[in-house]
Amino acid sequence: MFAGRKKELKKLESMYAGSDFQFAVLYGRRRVGKTTLIAEFIKNKQAISYISIEGTMKENLDGLSHAVMRWRGIDAVYGDFETLFQDIDRISKKERLIFAIDEYPYLAASYPGISSVIQKHIDSCWKDSRLFLILCGSSMSFMENQVLGYKSPLYGRRTAQFKIRPFTFFEAREMLGGFAPEEQAILYGVTGGVPEYLSRIGNHMSVDENLISLFFDDNGTLFEEPVNLLKQEMREPASYHSVIAAIAGGASKLNEISVKTGLESSACSNFMTSLIQIGIVEKERPVTEKESSRKTIYHLQDSMFLFWYRFVRPNTTAIAMGTGEFLYTEYIKPQINSFMGNIFEDICRQYLYRPDVYQSLPFFFGKLGRWWGTNAAKKREEEIDIVALGEDKMLFGECKWRNGKVDACVMQTLLERGELFACPEKYYFVFSKSGFDAGTDSLAEQFGVRRIAFEEML
């Protein structure tokens with residue numbers, strides 16, 4: 001089942017509708033649905049599509065040759081890429097043709113000169129043809145530096161680029177139709193919104209059965225997924241495991257991660273850069289701080305990794321011995337609400353960016369994120385889940401994923417934290433999974449606090 005990606009498909013279709021040359025670059029982490037998006041786009045169109053392999057130049061030349069020849073209806077192999085591209089030259093002058101090369105970094109690794117060859121054909125022929133070229137890859141650093149970067153032979157030639165990200169909660173719901181909204185949120189959280197993982201969820205099973213089957217069975221699809229991903233992406237996976245485990249365990253500053261892993265700070269910094277590039281870790285600073293601020297922390301951007309490193313990795317031996325179901329039921333399930341705290345914050349931020357919601361807000365903000373800092377008056381550290389910044393305006397938000405209703409204390413604390421900022425216009429939002437008790441009524445009315453229950457967000 002194809003789900004989501006409506007914006008990307010609309011843009012690709014708009015590009016395709018003309019007759020001029022187009023060059024789209026698609027990239028994003030593994031399992032995020034890039035190949036599926038290409039397959040959906042080229043459906044019922046004249047298209048040659050090839051998925052490069054991690055092999056030799058000849059293997060990739062043969063594979064790409066077969067893709068071209070299948071489309072042409074003949075059986076032959078080109079002797080070199082130049083001859084193959086000359087055929088693409090001739091075809092694309094006569095008719096609209098999509099030429100898609102997936103996992104392009106593998107092809108480039110087997111033949112480093114391929115980007116220069118493509119660049120030559122773009123400049124000499126394709127730019128005046130009807131070709132729709134697509135280059136796609138999972139190696140984020142390669143695609144950003146070697147395809148889109150200014151040192152690349154292909155620099156400046158793309159007509160569109162698509163960084164394919166995991167689904168938001170609201171997009172993921174399309175794949176979770178058989179579950180109640182709260183269950184959808186949990187399943188979104190444990191999969192990180194990655195389409196491949198969402199597709200493995202069985203609508204005929206309960207949430208608990210799905211989690212046990214996916215994570216807590218040594219034959220489960222996601223039982224070893226982070227291990228396999230890091231083996232594909234990194235040269236020293238063992239060190240990366242240690243770094244990610246430290247962050248999942250609560251270490252957020254570079255020195256804390258260094259101490260917890262026993263690695264030098266400089267090595268940790270390099271590992272962190274690589275993990276940020278592939279979308280597993282995010283470097284964060286308080287939303288009010290400038291980009292140059294050193295007041296930074298690290299957290300796991302991929303919530304599937306957070307779930308796996310918090311609950312699966314410490315228990316792999318027990319799971320392999322067949323105790324996964326018991327372990328989940330007795331130990332892990334009671335912690336799901338705690339795990340969902342940060343996930344719910346993300347869902348609330350996504351909610352504020354939904355076009356219908358964004359247009360209804362008291363002001364249009366450019367920056368939105370978390371804030372943390374010192375309360376000088378009370379001599380303690382404070383945190384605010386959501387802070388949005390406008391010109392002389394600020395929005396403050398608190399997000400509570402818990403079974404009980406939010407009481408007046410939560411609202412009062414948010415109002416007090418808002419007073420830490422000198423701003424003429426302040427707005428307050430409180431989000432709650434389970435609604436609000438009557439004690440919040442007077443504060444909401446007095447200070448104009450907007451209360452939003454989870455069910456209203458849907």
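Under 12 Å of direct C-alpha separation, and excluding same-chain neighbours fewer than eight residues apart, Lys7 reaches these aspartates and glutamates: Glu171.
Reducing region 167-224 and region 248-274 to their Cα centroids gives an inter-centroid distance of 30 Å.
Note on region 336-458: lysine pairs with Cα distance below 22 Å, sequence gap of 8 or more or different chains, count 8. Given the choices (i) 170; (ii) 156; (iii) 181, volume of the Cα convex hull per residue in Å³ derived from the coordinates of this structure is entry (iii).
Residues in region 193-202 carry Karplus couplings, in order, of x, 7, x, 4, 6, 4, 5, 8, 7, x Hz; the curve used is 6.51 cos²θ - 1.76 cosθ + 1.60 with θ = phi - 60°, and Gly or Pro positions show x. Calculated FRET efficiency, Glu383 to Gln232, Cβ-Cβ distance, R0 = 56 Å: about 0.95 to the nearest 0.05.
Listed peptides 7-19, 446-458 appear in the order 446-458, 7-19 once ranked by packing, highest mean of other Cβ atoms within 10 Å at the front. Heavy-atom accessible surface of the chain, averaged per residue, reaches 47 Å², computed with a 1.4 Å probe. Summing Cβ point charges (Lys, Arg +1; Asp, Glu -1) relative to the Cα centre of the chain gives a dipole of roughly 1120 debye. Computed from label points 7 Å out along Cα-Cβ, the spacing between Tyr150 and Lys253 is 3.6 nm. Once both labels are positioned 7 Å from their Cα atoms along Cα-to-Cβ, the gap between Ser141 and Ala422 label points is 4.4 nm.
With a Cα cut-off of under 22 Å and a minimum spacing of 8 residues unless on different chains, the lysine pairs in region 223-353 number 6. Distance between the modelled labels on Glu174 and Arg294, one decimal in nanometres: 4.6 nm (7 Å Cα→Cβ projection). Note on the chain: with neighbouring protein chains present and a 1.4 Å probe, carbon and sulfur make up 47 percent of its accessible heavy-atom surface.
The values are calculated or read from the model by the stated rules, or taken from the named source; none is laboratory data. Remember, it's a predicted structure, so these values are computed and weren't measured experimentally. Reconstructed Cβ throughout: ideal geometry from the backbone, glycine too, with neighbour counts over all protein chains shown. Remember, those area values only see protein heavy atoms, side chains included, never the ligands or the DNA or RNA. Shrake-Rupley method; radii C 1.70, N 1.55, O 1.52, S 1.80 Å.
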